[in-house]
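Only the coordinates and a few stated rules stand behind these numbers; no lab work does. As the structure is a computational prediction, the values presented were derived from the model and not from experiment. Cβ placement follows ideal geometry from the backbone for every residue including glycine, while neighbour counts extend to all protein chains displayed.
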Amino acid sequence: MATDTAGLVKILEAVAGKISENREFLTELDSAIGDADHGINMSKGFSAVLEKLHSQKIDDCGTILKTVGMTLVSTVGGASGPLYGTAFMKAGQAVAGKSSLDFEDFVTILDQALEGIKYRGKAQRGDKTIIDALEPAVEILRKEKDCTDKKAAMDKALNAAKEGVEYTRSIIAKKGRASYLGERSIGHQDPGATSCYLMLQAAIEKIKE
Ligand code: ADP
Ligand code: MG
Ligand code: MG
């Protein structure tokens, strides 16, 4: 289960495709507890990412991920741009100089993405954010780093992210725009946790192919 730079670009294309397919859905979720732009923000960012990646051939996985991060930071307005941007930049640093990635690198990438988002946004599990989807998945992958059945480990991680998204329905938002609503944010699924789950789903589906 290893991927070269062309494979990494394919994974990122799948992520971008998933975001674009869910543009309306993510925006709808954000209209309930935010300002109705999460799908718009994310698809705008990933369109720019694809344009950037297709305009040049980068022969280092770290630089590819760093480029994704920088593009998201510069094209996405709103909270999610700097957060996901930092995530990809941190992930890129962790695999700098590598021309191919294995399962362990995949775990490192998500681990560092989580650290980047936590550092940048100062949110914790239970604040109704991206972290509620990403951290449960990363925790499983950290434990399963040396496992033999890597596909099963990724499915388990994805399932944990899905449960995290469900959990965001039951809690009060403590960070971002949704926090202005206080208790009225209860009952609504968090847009950022949802986009995070969808990105993981697209990446994992592609890696398993
Ligand atoms: P904005 O709220 O600025 O319009 P988006 O709508 O694109 O930005 O993104 C909203 C999402 O960002 C939320 O659903 C939430 O998951 C995520 N988010 C907001 N603040 C934080 C934070 N401090 N840490 C992690 N995620 C956050
Ligand atoms: Mg918004
Ligand atoms: Mg906004």
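A few notes on this one:
- In the range 86-166, lysine pairs closer than 15 Å at Cα, eight or more apart or cross-chain: 7
- Coil-residue trypsin sites (Lys or Arg not before Pro) of the range 28-76, DSSP, other Cβ within 10 Å capped at 14: LYS57
- The chain: angle of helix 38-54 to the longest principal axis, Cα-based, in degrees nearest 10: 10
- Nearest-ten-degree value, helix 80-94 long axis tilted from longest Cα axis of the chain: 30
- The range 55-209 shape via C-alpha gyration tensor axes, a/c threshold 1.5: oblate
- Long-range amide H partners of ALA36 with built H, under 5 Å: SER31
- With Cα atoms, 0 to 90° folded angle of helix 23-33 axis to the chain main axis: 40
- Within the listed set GLU163, GLU51, GLU104, the Gaussian network model of the chain (springs between alpha-carbon atoms below 10 Å) gives the highest mean-square fluctuation for GLU51.
- 222 nm mean residue ellipticity, helices alone, for the chain (DSSP H n ≥ 4; -39,500 (n - 2.57); rounded to 500): -23000 deg cm²/dmol
- Each residue, TYR119 and ILE58, gets one label point 7 Å from its Cα in the Cβ direction; the gap between the two is 1.7 nm.
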